[in-house]
Amino acid sequence: MFLSIFDMFKVGIGPSSSHTMGPMVAAGRFLDAMRAAPFQFAGLRASLHGALAFTGVGHATDRATILGLAGFTPQYYDADRAEAALRDIRTTRRITPDGLPDLRFDPDKDLIFDYDGKLPGHANGMVLMATDAQGDVTLHETYYSIGGGFVMTEAELAQGRNTDEGPPVPYPFKSATEMLEMARRSGKTIAGMKRANEVSRNGEIHLRDGTRRLWQVMNDCIDRGLATDGILPGGLSVKRRAKGIHDALLAERGQNQRAPHTINDWMSVYAMAVNEENAAGGQVVTAPTNGAAGVMPATLRYYLDHVPGASEAHIEDFLLTAAAIGGLVKFNASISGAEAGCQAEVGSAAAMSAAGLCAVMGGTPEQVENAAEIALEHHLGMTCDPVRGLVQVPCIERNGLGAIKAISAASLALRGDGTHLVPLDACIETMRQTGADMSEKYKETSLGGLAVNVPNC
(Lines give C-alpha, C1' and ligand atoms only; values in the text may rest on other atoms or scores of the structure.)
Protein backbone atom coordinates (compact mmCIF):
# COMPACT_ATOMS: atom_id res chain seq x y z
CA MET A 1 0.00 0.00 0.00
CA PHE A 2 1.30 3.43 -0.91
CA LEU A 3 -0.32 6.80 -0.36
CA SER A 4 1.93 9.73 -1.20
CA ILE A 5 2.62 12.50 1.27
CA PHE A 6 1.29 14.85 -1.42
CA ASP A 7 -1.99 12.97 -1.45
CA MET A 8 -2.33 13.19 2.32
CA PHE A 9 -1.35 16.86 2.40
CA LYS A 10 -2.77 19.10 -0.33
CA VAL A 11 -2.64 22.85 -0.73
CA GLY A 12 -6.21 24.03 -1.01
CA ILE A 13 -8.85 26.48 0.17
CA GLY A 14 -11.28 26.64 3.06
CA PRO A 15 -13.60 26.01 4.62
CA SER A 16 -13.76 22.24 3.94
CA SER A 17 -11.67 19.67 2.11
CA SER A 18 -14.62 17.30 1.66
CA HIS A 19 -17.33 19.91 1.03
CA THR A 20 -15.35 22.62 -0.78
CA MET A 21 -12.19 21.17 -2.31
CA GLY A 22 -13.70 17.77 -3.14
CA PRO A 23 -16.66 19.11 -5.17
CA MET A 24 -14.34 21.50 -7.00
CA VAL A 25 -12.03 18.61 -7.87
CA ALA A 26 -14.99 16.44 -8.93
CA ALA A 27 -16.24 19.19 -11.23
CA GLY A 28 -12.79 19.42 -12.81
CA ARG A 29 -12.77 15.67 -13.42
CA PHE A 30 -16.20 15.92 -15.02
CA LEU A 31 -14.98 18.64 -17.38
CA ASP A 32 -12.15 16.30 -18.44
CA ALA A 33 -14.71 13.55 -19.10
CA MET A 34 -16.76 15.96 -21.21
CA ARG A 35 -13.70 16.95 -23.25
CA ALA A 36 -12.99 13.28 -23.97
CA ALA A 37 -16.60 12.39 -24.85
CA PRO A 38 -17.82 12.25 -28.49
CA PHE A 39 -20.89 14.40 -27.80
CA GLN A 40 -22.00 17.95 -28.38
CA PHE A 41 -22.91 19.56 -25.07
CA ALA A 42 -25.08 22.60 -24.43
CA GLY A 43 -25.66 22.67 -20.67
CA LEU A 44 -24.68 21.51 -17.18
CA ARG A 45 -26.57 20.34 -14.09
CA ALA A 46 -25.54 19.18 -10.63
CA SER A 47 -27.16 17.67 -7.55
CA LEU A 48 -25.73 17.44 -4.04
CA HIS A 49 -26.66 14.58 -1.71
CA GLY A 50 -26.24 13.45 1.90
CA ALA A 51 -23.92 15.61 3.99
CA LEU A 52 -23.04 17.69 0.92
CA ALA A 53 -26.67 18.77 0.84
CA PHE A 54 -27.29 19.18 4.57
CA THR A 55 -24.23 21.32 5.28
CA GLY A 56 -23.40 22.42 1.75
CA VAL A 57 -24.43 26.04 2.17
CA GLY A 58 -22.30 26.52 5.29
CA HIS A 59 -19.36 24.80 3.60
CA ALA A 60 -19.77 26.75 0.31
CA THR A 61 -20.31 23.48 -1.59
CA ASP A 62 -22.57 25.12 -4.16
CA ARG A 63 -20.03 27.86 -4.78
CA ALA A 64 -17.17 25.34 -5.07
CA THR A 65 -19.12 23.16 -7.52
CA ILE A 66 -19.93 26.12 -9.77
CA LEU A 67 -16.34 27.34 -9.73
CA GLY A 68 -15.06 23.83 -10.44
CA LEU A 69 -17.34 23.62 -13.47
CA ALA A 70 -15.90 26.96 -14.56
CA GLY A 71 -12.39 25.48 -14.45
CA PHE A 72 -11.12 26.63 -11.05
CA THR A 73 -8.92 24.29 -8.95
CA PRO A 74 -8.08 24.38 -5.22
CA GLN A 75 -4.32 24.40 -5.84
CA TYR A 76 -4.34 27.53 -8.00
CA TYR A 77 -7.38 29.31 -6.61
CA ASP A 78 -7.54 33.05 -7.22
CA ALA A 79 -10.17 34.65 -4.97
CA ASP A 80 -10.62 37.85 -6.99
CA ARG A 81 -10.95 35.99 -10.29
CA ALA A 82 -13.37 33.54 -8.67
CA GLU A 83 -15.65 36.34 -7.45
CA ALA A 84 -15.70 37.87 -10.92
CA ALA A 85 -16.50 34.49 -12.50
CA LEU A 86 -19.38 33.87 -10.08
CA ARG A 87 -20.89 37.28 -10.81
CA ASP A 88 -20.65 36.62 -14.53
CA ILE A 89 -22.23 33.15 -14.26
CA ARG A 90 -25.15 34.46 -12.18
CA THR A 91 -25.73 37.30 -14.63
CA THR A 92 -25.39 35.39 -17.91
CA ARG A 93 -26.48 31.94 -16.68
CA ARG A 94 -23.66 30.52 -18.80
CA ILE A 95 -20.38 28.72 -18.09
CA THR A 96 -17.52 28.58 -20.60
CA PRO A 97 -14.77 26.18 -19.45
CA ASP A 98 -11.56 25.88 -21.46
CA GLY A 99 -11.84 23.38 -24.31
CA LEU A 100 -15.66 23.24 -24.21
CA PRO A 101 -18.45 25.28 -25.80
CA ASP A 102 -20.52 27.91 -24.04
CA LEU A 103 -22.80 25.95 -21.68
CA ARG A 104 -26.17 26.80 -20.12
CA PHE A 105 -26.09 26.83 -16.33
CA ASP A 106 -28.52 28.64 -14.06
CA PRO A 107 -27.20 28.40 -10.48
CA ASP A 108 -30.72 28.77 -9.06
CA LYS A 109 -32.20 25.94 -11.12
CA ASP A 110 -29.38 23.68 -12.28
CA LEU A 111 -27.71 23.04 -8.91
CA ILE A 112 -30.00 21.10 -6.57
CA PHE A 113 -29.61 20.36 -2.86
CA ASP A 114 -31.25 16.93 -2.67
CA TYR A 115 -31.93 16.35 1.02
CA ASP A 116 -33.90 13.15 0.48
CA GLY A 117 -31.84 11.32 -2.13
CA LYS A 118 -28.86 9.93 -0.21
CA LEU A 119 -26.49 8.05 -2.49
CA PRO A 120 -25.37 4.56 -1.42
CA GLY A 121 -21.59 4.85 -1.72
CA HIS A 122 -20.70 7.56 0.79
CA ALA A 123 -22.32 10.34 2.80
CA ASN A 124 -20.72 12.98 0.55
CA GLY A 125 -22.25 12.30 -2.85
CA MET A 126 -22.87 14.44 -5.92
CA VAL A 127 -24.12 13.86 -9.45
CA LEU A 128 -22.86 15.94 -12.37
CA MET A 129 -24.68 15.97 -15.69
CA ALA A 130 -24.08 17.38 -19.16
CA THR A 131 -27.04 18.01 -21.46
CA ASP A 132 -27.59 18.45 -25.19
CA ALA A 133 -29.37 21.28 -26.98
CA GLN A 134 -32.76 19.78 -26.07
CA GLY A 135 -31.87 19.58 -22.39
CA ASP A 136 -31.53 15.80 -22.33
CA VAL A 137 -28.73 14.33 -20.20
CA THR A 138 -26.07 12.82 -22.47
CA LEU A 139 -23.27 12.35 -19.92
CA HIS A 140 -23.45 11.94 -16.17
CA GLU A 141 -21.21 10.75 -13.37
CA THR A 142 -21.62 10.16 -9.65
CA TYR A 143 -18.74 11.38 -7.48
CA TYR A 144 -18.00 10.83 -3.82
CA SER A 145 -15.89 13.26 -1.80
CA ILE A 146 -14.37 10.87 0.72
CA GLY A 147 -12.42 13.32 2.87
CA GLY A 148 -9.20 15.29 2.62
CA GLY A 149 -9.99 16.45 -0.92
CA PHE A 150 -10.01 12.85 -2.22
CA VAL A 151 -12.65 12.20 -4.89
CA MET A 152 -13.77 8.88 -6.36
CA THR A 153 -16.32 8.00 -9.01
CA GLU A 154 -19.03 5.51 -8.20
CA ALA A 155 -17.12 2.81 -10.11
CA GLU A 156 -13.81 3.59 -8.40
CA LEU A 157 -15.41 3.42 -4.97
CA ALA A 158 -17.04 0.08 -5.81
CA GLN A 159 -13.64 -1.27 -6.88
CA GLY A 160 -12.06 -0.16 -3.62
CA ARG A 161 -9.59 2.14 -5.34
CA ASN A 162 -8.48 4.16 -2.34
CA THR A 163 -4.73 4.18 -2.78
CA ASP A 164 -2.15 4.66 -5.47
CA GLU A 165 -1.77 1.81 -7.94
CA GLY A 166 1.67 2.58 -9.36
CA PRO A 167 4.82 0.44 -9.33
CA PRO A 168 5.92 -1.30 -6.11
CA VAL A 169 7.64 0.70 -3.39
CA PRO A 170 10.43 -0.56 -1.08
CA TYR A 171 8.31 -0.53 2.12
CA PRO A 172 4.63 -1.19 1.27
CA PHE A 173 3.20 -1.44 4.80
CA LYS A 174 -0.58 -1.34 5.16
CA SER A 175 -0.80 -1.74 8.93
CA ALA A 176 1.11 -0.45 11.93
CA THR A 177 2.22 -4.01 12.70
CA GLU A 178 3.76 -4.33 9.24
CA MET A 179 5.30 -0.86 9.58
CA LEU A 180 7.04 -1.73 12.83
CA GLU A 181 8.25 -5.08 11.52
CA MET A 182 9.72 -3.44 8.41
CA ALA A 183 11.39 -0.83 10.59
CA ARG A 184 12.96 -3.56 12.74
CA ARG A 185 14.20 -5.53 9.75
CA SER A 186 15.53 -2.52 7.84
CA GLY A 187 16.89 -0.49 10.76
CA LYS A 188 15.14 2.54 9.28
CA THR A 189 12.89 5.03 10.98
CA ILE A 190 9.28 5.41 9.86
CA ALA A 191 10.28 8.64 8.11
CA GLY A 192 13.19 6.82 6.47
CA MET A 193 10.91 4.14 5.03
CA LYS A 194 8.36 6.70 3.89
CA ARG A 195 11.14 8.76 2.29
CA ALA A 196 12.39 5.72 0.38
CA ASN A 197 8.88 5.06 -0.91
CA GLU A 198 8.41 8.68 -2.02
CA VAL A 199 11.83 8.90 -3.70
CA SER A 200 11.24 5.64 -5.56
CA ARG A 201 8.24 7.22 -7.25
CA ASN A 202 9.12 10.87 -7.79
CA GLY A 203 12.75 11.49 -6.82
CA GLU A 204 14.46 13.44 -4.04
CA ILE A 205 14.05 16.92 -5.54
CA HIS A 206 10.26 16.54 -5.82
CA LEU A 207 10.08 15.40 -2.21
CA ARG A 208 12.36 18.14 -0.91
CA ASP A 209 10.68 20.99 -2.78
CA GLY A 210 7.18 19.65 -2.12
CA THR A 211 7.61 19.33 1.64
CA ARG A 212 9.15 22.82 1.80
CA ARG A 213 6.10 24.23 0.05
CA LEU A 214 3.73 22.36 2.37
CA TRP A 215 5.36 23.81 5.47
CA GLN A 216 5.59 27.27 3.89
CA VAL A 217 1.83 27.29 3.23
CA MET A 218 1.11 25.96 6.74
CA ASN A 219 3.36 28.51 8.42
CA ASP A 220 2.12 31.42 6.31
CA CYS A 221 -1.43 30.43 7.25
CA ILE A 222 -0.54 30.58 10.95
CA ASP A 223 1.05 34.00 10.50
CA ARG A 224 -1.96 35.40 8.59
CA GLY A 225 -4.32 34.11 11.26
CA LEU A 226 -2.23 35.64 14.06
CA ALA A 227 -2.30 39.02 12.32
CA THR A 228 -5.99 39.22 11.35
CA ASP A 229 -9.00 40.04 13.46
CA GLY A 230 -12.66 40.76 12.71
CA ILE A 231 -15.78 38.63 12.27
CA LEU A 232 -15.83 35.33 10.39
CA PRO A 233 -18.29 35.01 7.48
CA GLY A 234 -21.38 32.80 7.62
CA GLY A 235 -23.82 34.59 9.86
CA LEU A 236 -22.86 33.27 13.30
CA SER A 237 -20.88 36.44 14.08
CA VAL A 238 -17.98 34.39 15.43
CA LYS A 239 -15.08 36.67 16.33
CA ARG A 240 -11.55 35.87 15.31
CA ARG A 241 -9.65 35.41 18.57
CA ALA A 242 -6.20 34.19 17.55
CA LYS A 243 -4.73 37.67 17.05
CA GLY A 244 -5.94 38.94 20.43
CA ILE A 245 -4.69 35.86 22.27
CA HIS A 246 -1.34 36.02 20.48
CA ASP A 247 -0.93 39.71 21.25
CA ALA A 248 -1.62 38.99 24.92
CA LEU A 249 0.87 36.12 24.99
CA LEU A 250 3.57 38.31 23.45
CA ALA A 251 2.85 41.03 26.02
CA GLU A 252 3.26 38.52 28.86
CA ARG A 253 6.67 37.32 27.67
CA GLY A 254 9.39 38.11 30.16
CA GLN A 255 7.10 38.17 33.16
CA ASN A 256 8.38 36.15 36.07
CA GLN A 257 5.07 34.87 37.32
CA ARG A 258 3.46 33.34 34.26
CA ALA A 259 1.43 30.20 34.96
CA PRO A 260 2.97 27.05 33.43
CA HIS A 261 -0.27 26.20 31.64
CA THR A 262 0.21 29.27 29.43
CA ILE A 263 2.09 26.97 27.06
CA ASN A 264 -1.27 25.40 26.25
CA ASP A 265 -2.42 28.79 25.00
CA TRP A 266 0.51 28.92 22.58
CA MET A 267 -0.38 25.47 21.24
CA SER A 268 -4.01 26.46 20.85
CA VAL A 269 -3.45 29.88 19.29
CA TYR A 270 -1.38 28.46 16.43
CA ALA A 271 -4.16 25.99 15.61
CA MET A 272 -6.92 28.56 16.01
CA ALA A 273 -5.08 30.92 13.65
CA VAL A 274 -5.13 28.26 10.92
CA ASN A 275 -8.75 27.33 11.39
CA GLU A 276 -9.91 30.93 11.47
CA GLU A 277 -8.20 31.36 8.11
CA ASN A 278 -9.86 28.18 6.90
CA ALA A 279 -13.28 29.38 8.07
CA ALA A 280 -12.70 32.60 6.11
CA GLY A 281 -12.00 30.62 2.92
CA GLY A 282 -8.25 31.17 2.99
CA GLN A 283 -5.42 28.97 1.74
CA VAL A 284 -4.64 25.99 3.96
CA VAL A 285 -3.08 22.55 3.74
CA THR A 286 -5.39 19.57 4.26
CA ALA A 287 -3.77 17.77 7.19
CA PRO A 288 -5.48 15.43 6.62
CA THR A 289 -8.64 17.58 6.16
CA ASN A 290 -9.49 21.27 6.23
CA GLY A 291 -11.63 20.86 9.35
CA ALA A 292 -8.55 19.49 11.13
CA ALA A 293 -6.00 21.62 9.27
CA GLY A 294 -4.76 23.45 12.36
CA VAL A 295 -3.56 20.53 14.49
CA MET A 296 -0.42 19.62 12.57
CA PRO A 297 0.86 23.14 11.79
CA ALA A 298 0.30 24.05 15.44
CA THR A 299 2.24 21.02 16.65
CA LEU A 300 5.11 21.65 14.27
CA ARG A 301 5.21 25.38 15.06
CA TYR A 302 5.19 24.54 18.78
CA TYR A 303 8.19 22.26 18.20
CA LEU A 304 10.12 24.91 16.27
CA ASP A 305 9.30 27.85 18.56
CA HIS A 306 9.27 26.25 22.01
CA VAL A 307 11.31 23.01 22.11
CA PRO A 308 15.02 23.45 22.91
CA GLY A 309 17.24 22.05 20.19
CA ALA A 310 14.48 22.06 17.56
CA SER A 311 15.68 22.34 13.98
CA GLU A 312 13.96 23.15 10.68
CA ALA A 313 16.04 20.32 9.23
CA HIS A 314 13.59 17.94 10.92
CA ILE A 315 10.46 19.32 9.24
CA GLU A 316 10.58 16.78 6.43
CA ASP A 317 10.88 13.88 8.90
CA PHE A 318 7.89 15.24 10.84
CA LEU A 319 5.73 15.45 7.72
CA LEU A 320 6.83 12.05 6.40
CA THR A 321 6.09 10.34 9.72
CA ALA A 322 2.71 12.04 9.97
CA ALA A 323 1.86 11.05 6.40
CA ALA A 324 2.74 7.40 7.12
CA ILE A 325 0.31 7.32 10.06
CA GLY A 326 -2.36 9.20 8.12
CA GLY A 327 -2.11 6.70 5.29
CA LEU A 328 -2.77 3.85 7.71
CA VAL A 329 -5.83 5.60 9.12
CA LYS A 330 -7.22 6.40 5.69
CA PHE A 331 -6.56 2.93 4.27
CA ASN A 332 -7.99 1.03 7.24
CA ALA A 333 -10.71 3.41 8.47
CA SER A 334 -11.51 6.96 7.38
CA ILE A 335 -10.43 10.59 7.60
CA SER A 336 -13.92 11.82 6.66
CA GLY A 337 -16.15 13.54 9.22
CA ALA A 338 -19.20 12.64 7.14
CA GLU A 339 -18.22 8.99 7.36
CA ALA A 340 -16.94 8.64 10.92
CA GLY A 341 -17.42 11.92 12.79
CA CYS A 342 -14.72 14.26 14.07
CA GLN A 343 -12.71 11.36 15.50
CA ALA A 344 -11.78 10.74 11.85
CA GLU A 345 -10.69 14.35 11.32
CA VAL A 346 -9.22 15.93 14.46
CA GLY A 347 -8.55 12.46 15.90
CA SER A 348 -6.55 11.44 12.84
CA ALA A 349 -4.76 14.81 12.76
CA ALA A 350 -3.80 14.46 16.42
CA ALA A 351 -2.45 10.94 15.85
CA MET A 352 -0.43 12.07 12.86
CA SER A 353 0.91 15.11 14.71
CA ALA A 354 1.80 13.13 17.81
CA ALA A 355 3.72 10.66 15.67
CA GLY A 356 5.57 13.43 13.83
CA LEU A 357 6.54 15.23 17.03
CA CYS A 358 7.64 12.04 18.73
CA ALA A 359 9.81 11.18 15.73
CA VAL A 360 11.66 14.51 15.55
CA MET A 361 12.24 14.43 19.30
CA GLY A 362 14.14 11.20 18.94
CA GLY A 363 11.42 8.60 19.43
CA THR A 364 11.87 5.04 18.23
CA PRO A 365 9.39 3.58 15.73
CA GLU A 366 7.69 1.83 18.65
CA GLN A 367 7.38 5.09 20.59
CA VAL A 368 6.07 6.84 17.48
CA GLU A 369 3.38 4.18 17.05
CA ASN A 370 2.52 4.53 20.74
CA ALA A 371 2.21 8.32 20.43
CA ALA A 372 -0.20 7.98 17.50
CA GLU A 373 -2.27 5.43 19.38
CA ILE A 374 -2.57 7.56 22.52
CA ALA A 375 -3.71 10.59 20.52
CA LEU A 376 -6.26 8.68 18.46
CA GLU A 377 -7.58 6.66 21.42
CA HIS A 378 -8.56 9.80 23.26
CA HIS A 379 -10.58 11.16 20.37
CA LEU A 380 -12.65 7.99 19.88
CA GLY A 381 -16.36 8.72 19.62
CA MET A 382 -15.96 12.43 18.89
CA THR A 383 -18.87 13.69 16.85
CA CYS A 384 -18.98 16.19 13.99
CA ASP A 385 -21.86 18.60 14.68
CA PRO A 386 -20.91 22.02 13.28
CA VAL A 387 -23.32 24.82 14.18
CA ARG A 388 -25.15 25.98 11.04
CA GLY A 389 -22.89 23.70 9.01
CA LEU A 390 -20.01 26.15 9.32
CA VAL A 391 -16.46 25.00 10.07
CA GLN A 392 -16.29 27.34 13.08
CA VAL A 393 -18.06 26.05 16.20
CA PRO A 394 -16.78 23.78 17.68
CA CYS A 395 -14.16 23.23 15.00
CA ILE A 396 -11.76 26.11 15.64
CA GLU A 397 -11.24 25.49 19.36
CA ARG A 398 -11.28 21.73 18.77
CA ASN A 399 -8.15 22.02 16.65
CA GLY A 400 -6.42 23.79 19.53
CA LEU A 401 -7.35 21.00 21.93
CA GLY A 402 -6.30 18.45 19.30
CA ALA A 403 -2.82 19.99 19.19
CA ILE A 404 -2.57 19.90 22.99
CA LYS A 405 -3.54 16.22 22.99
CA ALA A 406 -1.05 15.46 20.22
CA ILE A 407 1.82 17.07 22.11
CA SER A 408 0.83 15.37 25.37
CA ALA A 409 0.61 12.00 23.59
CA ALA A 410 4.09 12.41 22.12
CA SER A 411 5.49 13.38 25.51
CA LEU A 412 3.89 10.38 27.24
CA ALA A 413 5.18 8.02 24.57
CA LEU A 414 8.71 9.40 24.91
CA ARG A 415 8.51 8.69 28.68
CA GLY A 416 7.96 5.00 27.90
CA ASP A 417 9.81 2.34 25.92
CA GLY A 418 7.20 1.85 23.19
CA THR A 419 5.47 -1.15 24.78
CA HIS A 420 1.76 -0.61 25.47
CA LEU A 421 -1.50 -2.52 25.72
CA VAL A 422 -3.57 -1.16 22.82
CA PRO A 423 -1.93 -1.42 19.37
CA LEU A 424 -2.46 1.41 16.90
CA ASP A 425 -4.09 -1.05 14.49
CA ALA A 426 -6.72 -1.94 17.12
CA CYS A 427 -7.37 1.73 17.80
CA ILE A 428 -7.83 2.48 14.08
CA GLU A 429 -10.24 -0.45 13.73
CA THR A 430 -12.14 0.75 16.79
CA MET A 431 -12.46 4.18 15.22
CA ARG A 432 -13.80 2.60 12.04
CA GLN A 433 -16.38 0.57 13.95
CA THR A 434 -17.39 3.53 16.08
CA GLY A 435 -17.90 5.63 12.97
CA ALA A 436 -20.04 2.93 11.37
CA ASP A 437 -22.22 2.76 14.50
CA MET A 438 -22.47 6.54 14.92
CA SER A 439 -25.81 8.15 14.11
CA GLU A 440 -25.87 10.23 10.94
CA LYS A 441 -26.96 13.15 13.12
CA TYR A 442 -23.39 13.38 14.35
CA LYS A 443 -21.57 12.96 11.04
CA GLU A 444 -21.37 16.43 9.47
CA THR A 445 -25.08 16.77 8.80
CA SER A 446 -25.75 19.42 11.50
CA LEU A 447 -28.84 17.43 12.51
CA GLY A 448 -27.76 16.77 16.10
CA GLY A 449 -25.52 17.84 18.95
CA LEU A 450 -24.39 21.45 19.20
CA ALA A 451 -25.84 22.12 15.77
CA VAL A 452 -29.41 21.84 17.10
CA ASN A 453 -28.85 23.04 20.65
CA VAL A 454 -27.15 26.35 19.89
CA PRO A 455 -29.50 29.04 18.54
CA ASN A 456 -28.79 29.86 14.91
CA CYS A 457 -29.46 33.55 15.29
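The values are calculated or read from the model by the stated rules, or taken from the named source; none is laboratory data. These figures come from a predicted structure and were not determined experimentally. Here the Cβ is made from the backbone with ideal geometry for all residues, glycine too, and neighbour counts use every protein chain on show.
I'd like the full set of residues that are within 18 Å of residue 234 (Cβ to Cβ) and either of a type in the set (Ser, Thr, Tyr) or in contact with a strand residue (DSSP E or B) (Cβ under 6 Å, 6 or more places away or on another chain) (or both), limited to region 418-457.
Answer for region 418-457, where residues must be within 18 Å of residue 234 (Cβ to Cβ) and either of a type in the set (Ser, Thr, Tyr) or in contact with a strand residue (DSSP E or B) (Cβ under 6 Å, 6 or more places away or on another chain) (or both): 444, 445, 446.
Rundown of residues vs (1) surrounded by fewer than 24 Cβ atoms within 10 Å (Cβ to Cβ); (2) in contact with a helix residue (DSSP H, G or I) (Cβ under 7 Å, 6 or more places away or on another chain); (3) in the same structural domain as residue 55 (by TED's automatic domain parsing); (4) more than 21 Å from residue 437 (Cβ to Cβ), yes/no style:
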position: 322; (1), (2), (3), (4): no, yes, no, yes
position: 327; (1), (2), (3), (4): no, yes, no, yes
position: 335; (1), (2), (3), (4): no, yes, no, no
position: 338; (1), (2), (3), (4): no, yes, no, no
position: 353; (1), (2), (3), (4): no, yes, no, yes
position: 356; (1), (2), (3), (4): no, yes, no, yes
position: 366; (1), (2), (3), (4): yes, yes, no, yes
position: 376; (1), (2), (3), (4): no, yes, no, no
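Can you find, within region 206-219, the residue that is surrounded by the most Cβ atoms within 10 Å (Cβ to Cβ) among those that are farther than 20 Å from residue 392 by Cα and in contact with a strand residue (DSSP E or B) (Cβ under 9 Å, 6 or more places away or on another chain)?
Top of the filtered list is 214.
Given (1) more than 29 Å from residue 121 (Cα to Cα); (2) of a type outside the set (A, V, I, L, M, F, W, C); (3) surrounded by fewer than 24 Cβ atoms within 10 Å (Cβ to Cβ), identify the lone condition not met by residue 402.
Residue 402 satisfies all of (1) more than 29 Å from residue 121 (Cα to Cα); (2) of a type outside the set (A, V, I, L, M, F, W, C); (3) surrounded by fewer than 24 Cβ atoms within 10 Å (Cβ to Cβ) except (3).
Which members of region 165-201 meet the condition of being touching a helix residue (DSSP H, G or I) at 6+ places or on another chain (Cβ under 7 Å) and in a loop (DSSP other than H, G, I, E, B)?
Selection gives 166, 169, 170, 171, 173, 174, 175, 189.
Can you tell me which residue within region 131-164, out of those that are assigned to a loop (DSSP other than H, G, I, E, B), modelled with pLDDT of 95 or more and not aliphatic (A, V, I, L, M), is farthest from the chain's Cα centre (by Cα)?
134
Would it be correct to say that residue 371 is part of a helix (DSSP H, G or I) and either aliphatic (A, V, I, L, M) or outside the structural domain of residue 406 (by TED's automatic domain parsing) (or both)?
Answer is yes for this residue.
Return the only residue of 279, 242 being more than 14 Å from residue 394 (Cα to Cα), touching a Gly at 6+ places or on another chain (Cβ under 7 Å) and either surrounded by fewer than 13 Cβ atoms within 10 Å (Cβ to Cβ) or among the aliphatic types (A, V, I, L, M) (or both).
On inspection, the qualifying residue turns out to be 242.
Is it the case that residue 50 is at positive phi, touching a strand residue (DSSP E or B) at 6+ places or on another chain (Cβ under 7 Å), of a type in the set (Gly, Ala, Ser) and not assigned by TED's automatic domain parsing to the domain that holds residue 200?
yes
Would you kindly identify the helices (runs of 4 or more DSSP H) lying entirely within region 261-346 that contain at least 1 residues that are without any contact (Cβ under 8 Å) to a residue 24 or more places away in the chain?
Qualifying helices (runs of 4 or more DSSP H): 262-279, 295-306.
Can you name the residue in region 58-86 that is over 14 Å from residue 13 (Cα atoms) and either in contact with a Gly (Cβ under 7 Å, 6 or more places away or on another chain) or touching a residue at least 60 places away in the same chain (Cβ under 8 Å) (or both) and is also surrounded by the fewest Cβ atoms within 10 Å (Cβ to Cβ) among such residues?
Filtering first and then ranking leaves 62.
For region 41-57, what are the residues that are of a type outside the set (Lys, Arg) and surrounded by fewer than 22 Cβ atoms within 10 Å (Cβ to Cβ)?
Passing the criteria: 41, 42, 47, 57.
Any idea how many residues of region 417-457 are exposed (fewer than 14 other Cβ atoms within 10 Å of the Cβ) and more than 24 Å from the chain's Cα centre (by Cα)?
9
Name the pairs: first residue in region 140-162 and under 17 Å from residue 341 (Cα atoms), second residue of a type in the set (Gly, Ala, Ser) and surrounded by fewer than 22 Cβ atoms within 10 Å (Cβ to Cβ), Cβ to Cβ under 8 Å, at least 6 apart or on different chains?
Within 8 Å, the pairs are 144/121.
Collect the residues in region 30-49 that are out of contact with any Phe, Trp or Tyr (no Cβ under 7 Å at 6 or more places or on another chain) and within 27 Å of residue 115 (Cβ to Cβ), keeping them in residue-number order.
Within region 30-49, 30, 31, 33, 45, 46, 47, 49 qualify.
Determine the pairs where a residue that is acidic (Asp, Glu), located within region 204-215, has a partner that is modelled with pLDDT of 95 or more with Cβ atoms under 9 Å apart, the partner being 6 or more residues away or on another chain.
Note: pairs meeting the criteria are 204/195; 204/198.
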